[in-house]
Amino acid sequence: MANVCNGCADALAMEKALDEVIARYKGTKGPLIPVLHEAQAIYGYLPFEVQLKIAEGLDLPLADVYGVVSFYTGFTTKPKGKYRVSVCMGTACYVKGAEAILDKFTTSLGINVGDCTEDGKFSLDACRCVGACGLAPVVMINDDVYGNMTPDKVEDVLKKYEDVQEGI
Amino acid sequence: MIKTVEQLNALREKMQQEMALRRGCADGCTEMGGRMQILVCGVAGCQSSGSMGVYNELKRCIIENKLEDEIRLISTGCMGLCALGPLMVVYPGRVMYTKVQPEDVAEIFQSHVLEGKPVERLFAEDNDGSKIADALGHHSFYTKQLKIALKNCGTIDPYSIDEYIGVDGYQALAKVLKEMDPEDVIDTMKDSNLRGRGGAGFPTGMKWAFAASQPKKQKYVCCNADEGDPGAFMDRSVLEGDPHSVIEAMAIAGYAIGSNQGYVYVRAEYPVAVKTLTAAIEKAREYGLLGENILGTGFSFDLEVRLGAGAFVCGEETALMTSIEGHRGEPKPRPPFPAVKGLFDEPTILNNVETYATIPRIILNGADWFNSIGTEKSKGTKVFAVGGKIARTGLVEVPMGTTLREIVYDMCGGIPGGKDFKAAQTGGPSGGCIPAEALDTPIDYDNLIALGSMMGSGGLIVMDEDTCMVDLARFFLDFTVDESCGKCSPCRIGTKRMYEILTRITEGKGEMYDIEKLEILARNIKNSALCGLGQTAPNPILSALRYFKDEYIAHVVDKKCPAGVCKSIMKYKIDPDLCRRCSICKKHCPVEAITGDKKNGFVINQDVCIKCGQCQAKCPFNAILHRDRKGV
Ligand SMILES: Cc1cc2nc3c(=O)[nH]c(=O)nc-3n(C[C@H](O)[C@H](O)[C@H](O)COP(=O)(O)O)c2cc1C
């Protein structure tokens with residue numbers, strides 16, 4: 001999945017990838033949202049320069065691009081952590097105590113919902129129903145799903161990622 | 001490439017033989033499918049409880065014993081009983097194993113696969129405690145179910161178009177293309193009385209007829225797989241377990257209304273569904289069941305997948321189309337209805353995933369068959385995603401008219417921990433709650449509306465005595481405030497005001513006139529909002545006020561939360577009769593709010609207490625209470 005930029009070589013590669021995406025969608029019907037999805041997969045988020053490039057590439061006013069980016073919560077203009085913690089706030093999770101779990105993550109990570117730790121490792125979000133209601137309450141970290149969560153399990157779950165050595 | 005119906009039928013026959021084990025071999029087993037077939041649920045619920053490990057372990061055992069020719073291992077879609085996952089089923093015998101962990105595989109393999117002795121320890125347990133081998137046939141979770149939309153979910157490999165063809169897949173498409181005029185198809189849909197499963201329950205045949213009668217060349221068929229109702233996961237399960245049924249139905253719809261292009265709008269939060277569906281579309285194209293000149297009939301139809309980006313309002317039909325066009329997903333006033341002027345301003349029909357998944361069955365079995373199931377005005381079945389405070393969470397498909405009691409108690413095993421049923425929420429943030437008094441009301445579109453709720457897309461969240469209805473209403477309003485697109489002011493401003501009032505009440509700062517104000521606001525928003533989002537946003541409040549007004553009054557007048565949920569007004573108390581003066585609570589209190597000693601007992605200083613609940617969690621004697629028990 002998406003990653004944060006690691007250096008200039010990457011920046012060039014990412015720009016090239018974005019060019020290819022734009023070329024592929026140009027002239028199709030309703031290209032903007034699919035292009036934004038792919039751009040976000042490349043960059044990890046949608047900074048101003050990327051939006052500008054997409055606007056120029058697809059011949060759209062920048063305001064339209066920004067309007068769409070800011071409308072959908074799935075698009076973000078802030079970089080996310082290497083590990084994206086999403087606490088599901090669907091109804092099933094909520095009635096089974098998701099809020100206490102979210103609270104525990106904010107204290108354990110020392111960040112607010114929507115923010116990223118200073119080292120760029122973790123970001124924390126309250127997300128919409130992920131459809132794993134059978135396992136409520138549910139937390140996702142990148143693509144890993146943790147079901148039947150309790151506040152007590154939060155530290156253990158985070159440890160799994162803290163132990164991972166950088167660069168692997 | 002399948003160019004003719006004859007080729008389709010030949011493949012079906014071959015696959016029927018390969019899959020005969022799974023049909024109980026009524027028409028004679030052949031060698032073709034091996035001597036045993038093992039199905040492992042490979043989707044969300046079971047996967048996160050470890051089904052991948054089980055699958056890999058089984059695979060390893062099969063290879064190690066050189067049994068690849070004899071034993072088929074298949075990863076399927078959702079089998080429904082998510083609470084007991086990971087699930088696997090072994091044919092012949094249809095033996096279901098529950099909560100299987102990779103460590104259990106060696107035993108299953110040795111005992112069941114090699115020696116023919118099923119492992120009883122892992123059978124599903126029924127309400128009476130008995131262990132059931134053929135759970136799909138005899139467990140009370142399954143016996144009252146009737147599967148139409150979910151017919152293939154959990155019984156076929158969703159990545160194999162051949163298996164779908166083996167269970168009569170694409171036969172309905174072949175039938176309409178070869179034997180029916182578009183008008184016949186629409187008549188069948190009308191006669192079936194199928195109503196949309198996405199929430200509003202609009203008659204599908206009528207919608208198709210409107211679009212068919214438009215004299216335009218370009219028309220579109222859309223599928224709503226946005227499934228935004230939190231707590232609902234049936235559309236996800238269909239896409240992950242049986243994607244071809246949706247593809248086939250959309251092609252049928254295309255033929256009926258005269259369209260050659262479809263779009264499936266899937267929410268981005270469902271990456272597995274997107275992957276499965278995309279793979280299925282590619283396969284269907286490769287087989288010639290999508291694309292140009294399908295089955296040599298001259299009919300052409302293709303599909304494209306579009307991803308949502310996290311906006312609940314995009315489940316609303318006009319907003320969904322605006323989003324596909326690449327804009328902010330804001331709804332438009334209707335009329336014009338999408339059937340007249342929809343996607344890219346052309347006539348468009350939009351149906352829900354479950355609606356589509358039902359259609360091939362209706363075409364093959366006929367409208368009369370469908371009419372024989374359900375209640376007078378709601379025909380067929382409905383899938384519910386049952387969750388919340390319930391013993392067996394999972395997916396159930398029941399005939400319309402089944403009662404809530406049958407679902408909650410008989411099928412799903414009731415409320416855990418011996419607690420009382422308080423209410424069930426249907427329709428999510430647009431719906432309402434059904435109180436215990438209505439447990440025996442047959443569930444259909446009209447009865448739910450009469451109860452002040454609605455069918456919604458099928459999320460069914462069960463709540464027990466520990467759920468605060470004011471807090472729940474506030475939770476839903478928080479959701480709608482966040483998801484309101486901002487285009488119309490009743491929704492943008494009104495939902496926010498309602499949320500503020502509810503917050504006041506849950507903080508113990510409410511007054512009696514707040515309740516009145518809430519009711520007036522709710523009715524005004526219902527009548528004036530632009531789209532369904534705002535029009536239905538007040539429903540959770542109105543229905544909670546209808547059945548649980550005393551709870552609102554307790555918050556406002558007594559400044560108490562009877563369920564002990566609302567933190568600002570809740571108080572932890574030490575029950576002196578239960579307390580054994582062990583002092584554990586005092587040790588664990590992070591803010592030193594607990595004072596006293598072993599001789600005189602302990603008290604909680606309410607001014608200092610931050611209501612973290614540590615003392616309650618640590619007390620070995622359950623002496624710390626946080627709610628006003630009846631009579632206490
Ligand atoms: C705010 C809002 C959200 C909706 N979300 C969904 C949804 O997630 N899935 C769905 O099928 N229908 C949803 N609907 C209903 C659709 O507008 C539409 O009625 C439905 O997709 C039509 O298909 P059907 O006739 O097969 O039910 C939503 C409606 C509103 C107002």
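The values are calculated or read from the model by the stated rules, or taken from the named source; none is laboratory data. What you are looking at is a predicted structure, and each value in this text was computed from that prediction instead of being measured. Positions of Cβ are backbone-derived with ideal geometry, glycine not excepted, and every protein chain shown enters the neighbour counts. Just the protein is used for accessible areas: all its heavy atoms, side chains included, with ligands, DNA and RNA removed. Shrake-Rupley method; radii C 1.70, N 1.55, O 1.52, S 1.80 Å.
Out of B:ARG523, B:ARG580, I need the residue that is part of a loop (DSSP other than H, G, I, E, B), surrounded by fewer than 13 Cβ atoms within 10 Å (Cβ to Cβ) and basic (Lys, Arg). Which one? It would help to see each step written out before you state the result.
Working: B:ARG523 fails: part of a loop (DSSP other than H, G, I, E, B).
None of the others qualify; the one that does is B:ARG580.
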**Fill in**
Looking across segment A:94-123 at residues that are more than 13 Å from chain B (Cβ to nearest Cβ) and touching a Gly at 6+ places or on another chain (Cβ under 7 Å), the single one that is surrounded by the fewest Cβ atoms within 10 Å (Cβ to Cβ) is A:GLY120
**Complete:** Of the residues in segment B:328-369, those that are away from chain A (no Cβ under 14 Å), touching a residue at least 12 places away in the same chain (Cβ under 8 Å) and in a loop (DSSP other than H, G, I, E, B) come to B:LYS332, B:PRO333, B:ARG334, B:PHE337, B:PRO338, B:ALA339, B:VAL340, B:PRO347, B:GLY366
**Request:** Would you point out the residue of segment B:125-140, among those that are closer than 15 Å to B:GLY80 by Cα and small (Gly, Ala, Ser), that is least open to solvent (accessible area, probe 1.4 Å)?
**Result:** B:ALA135
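Does B:SER457 meet the test of being surrounded by 24 or more Cβ atoms within 10 Å (Cβ to Cβ), closer than 30 Å to B:VAL185 by Cα and within 14 Å of chain A (Cβ to nearest Cβ)? First the steps, then the outcome.
Values: surrounded by 24 or more Cβ atoms within 10 Å (Cβ to Cβ): yes; closer than 30 Å to B:VAL185 by Cα: yes; within 14 Å of chain A (Cβ to nearest Cβ): yes.
In short, yes.
Considering each residue of segment B:294-321, count those that are over 19 Å from B:SER259 (Cα atoms) and either away from the ligand (no atom under 16 Å from the Cβ) or within 11 Å of chain A (Cβ to nearest Cβ) (or both), and give that number. Don't jump to the end; show me each part of the working.
In the first step, residues of segment B:294-321 are kept if they are over 19 Å from B:SER259 (Cα atoms); the result is B:307-316, B:319.
Still in the list and also either away from the ligand (no atom under 16 Å from the Cβ) or within 11 Å of chain A (Cβ to nearest Cβ) (or both): B:307-314, B:319.
Residues in segment B:294-321 being over 19 Å from B:SER259 (Cα atoms) and either away from the ligand (no atom under 16 Å from the Cβ) or within 11 Å of chain A (Cβ to nearest Cβ) (or both): 9 in total.
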**Request:** Can you give me the number of residues within segment B:249-271 that are away from the ligand (no atom under 13 Å from the Cβ), part of a loop (DSSP other than H, G, I, E, B) and of a type outside the set (Gly, Ala, Ser)?
**Result:** 1
**Prompt:** Quick one: would you say B:ASP229 is touching a strand residue (DSSP E or B) at 6+ places or on another chain (Cβ under 8 Å), open to solvent by 10 Å² or more (accessible area, probe 1.4 Å), within 14 Å of chain A (Cβ to nearest Cβ) and not polar (S, T, N, Q)?
**Reply:** yes
**Prompt:** From the list B:VAL238, B:VAL246, B:VAL221, which one is within 16 Å of the ligand (Cβ to nearest atom), away from chain A (no Cβ under 14 Å) and in contact with a Cys (Cβ under 7 Å, 6 or more places away or on another chain)?
**Reply:** B:VAL246
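Yes or no, residue by residue, for (1) more than 14 Å from every other protein chain (Cβ to nearest Cβ); (2) within 24 Å of the chain's Cα centre (by Cα); (3) closer than 19 Å to B:PRO158 by Cα:
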{"position": "B:CYS78", "(1), (2), (3)": "no, yes, yes"}
{"position": "B:LEU81", "(1), (2), (3)": "no, yes, yes"}
{"position": "B:LYS99", "(1), (2), (3)": "no, yes, no"}
{"position": "B:HIS112", "(1), (2), (3)": "yes, no, no"}
{"position": "B:ALA124", "(1), (2), (3)": "yes, yes, no"}
{"position": "B:ASN127", "(1), (2), (3)": "yes, yes, no"}
{"position": "B:SER130", "(1), (2), (3)": "yes, no, no"}
**Request:** Could you list all residues from segment A:123-134 that are at pLDDT 85 or above and more than 9 Å from A:GLY90 (Cβ to Cβ)?
**Result:** A:SER123, A:LEU124, A:ASP125, A:ALA126
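Could you tell me whether segment B:12-28 includes any residue that is in a helix (DSSP H, G or I), within 14 Å of chain A (Cβ to nearest Cβ) and touching an Asp or Glu at 6+ places or on another chain (Cβ under 8 Å)?
Residues of segment B:12-28 in a helix (DSSP H, G or I): B:12-18, B:20-23.
Then drop every residue that is not within 14 Å of chain A (Cβ to nearest Cβ), which leaves none.
No, segment B:12-28 contains no residue that is in a helix (DSSP H, G or I), within 14 Å of chain A (Cβ to nearest Cβ) and touching an Asp or Glu at 6+ places or on another chain (Cβ under 8 Å).
Yes/no per residue for (1) within 12 Å of the ligand (Cβ to nearest atom); (2) in the same structural domain as B:GLN425 (by TED's automatic domain parsing); (3) of a type in the set (D, E, K, R); (4) free of Cβ contacts under 8 Å to residues at least 24 places away in the same chain:
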position: B:THR155; (1), (2), (3), (4): no, no, no, no
position: B:ILE165; (1), (2), (3), (4): no, no, no, no
position: B:LYS178; (1), (2), (3), (4): no, no, yes, no
position: B:MET189; (1), (2), (3), (4): yes, no, no, no
position: B:GLY198; (1), (2), (3), (4): yes, no, no, no
position: B:THR204; (1), (2), (3), (4): yes, no, no, no
position: B:GLN214; (1), (2), (3), (4): no, no, no, no
position: B:GLU227; (1), (2), (3), (4): yes, no, yes, no
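Out of B:ASP126, B:ASP134, I need the residue that is under 25 Å from B:VAL396 (Cβ atoms) and either free of Cβ contacts under 8 Å to residues at least 24 places away in the same chain or of a type in the set (Lys, Arg) (or both). Which one?
On the way: B:ASP134 fails: either free of Cβ contacts under 8 Å to residues at least 24 places away in the same chain or of a type in the set (Lys, Arg) (or both).
Just a single option satisfies the conditions, and that option is B:ASP126.
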**Request:** Output the strands (runs of 3 or more DSSP E) that fall wholly within segment B:378-450 and possess 3 or more residues being within 13 Å of chain A (Cβ to nearest Cβ), or say none.
**Result:** B:381-388, B:394-399, B:421-426
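Matching residues to (1) crowded, with 19+ Cβ neighbours inside 10 Å; (2) assigned to a helix (DSSP H, G or I); (3) not acidic (Asp, Glu):
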| position | (1), (2), (3) |
| --- | --- |
| A:GLU20 | no, yes, no |
| A:GLY27 | no, no, yes |
| A:GLY30 | yes, no, yes |
| A:ILE33 | yes, yes, yes |
| A:VAL50 | yes, yes, yes |
| A:GLU56 | no, yes, no |
**Request:** Test B:GLY613 against the stated conditions and say whether it is open to solvent by less than 50 Å² (accessible area, probe 1.4 Å) and touching a residue at least 60 places away in the same chain (Cβ under 8 Å).
**Result:** no
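Just one of B:ILE515, B:ILE505, B:ILE553 is outside any loop (DSSP other than H, G, I, E, B), of a type in the set (Val, Ile, Thr), under 19 Å from B:ALA423 (Cβ atoms) and open to solvent by 20 Å² or more (accessible area, probe 1.4 Å); which is it?
Details: B:ILE515 fails: open to solvent by 20 Å² or more (accessible area, probe 1.4 Å); B:ILE505 fails: open to solvent by 20 Å² or more (accessible area, probe 1.4 Å).
Of the residues listed, the single one that is outside any loop (DSSP other than H, G, I, E, B), of a type in the set (Val, Ile, Thr), under 19 Å from B:ALA423 (Cβ atoms) and open to solvent by 20 Å² or more (accessible area, probe 1.4 Å) is B:ILE553.
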**Message:** Here's a check for you: in segment B:44-61, which residue that is free of Cβ contacts under 8 Å to residues at least 24 places away in the same chain and more than 14 Å from chain A (Cβ to nearest Cβ) is nearest to B:ASP126 (Cα to Cα)?
**Reply:** B:TYR55
**Residue in segment B:394-414 that is buried (at least 24 other Cβ atoms within 10 Å of the Cβ), under 20 Å from A:THR91 (Cα atoms) and not hydrophobic (A, V, I, L, M, F, W, C) present** = yes
**Hits in segment B:527-545 (condition: near the ligand (Cβ under 9 Å from one of its atoms) and of a type in the set (Val, Ile, Thr))** = B:THR536
**Request:** For B:GLU304, indicate whether it is among the acidic types (Asp, Glu) and open to solvent by less than 50 Å² (accessible area, probe 1.4 Å).
**Result:** no
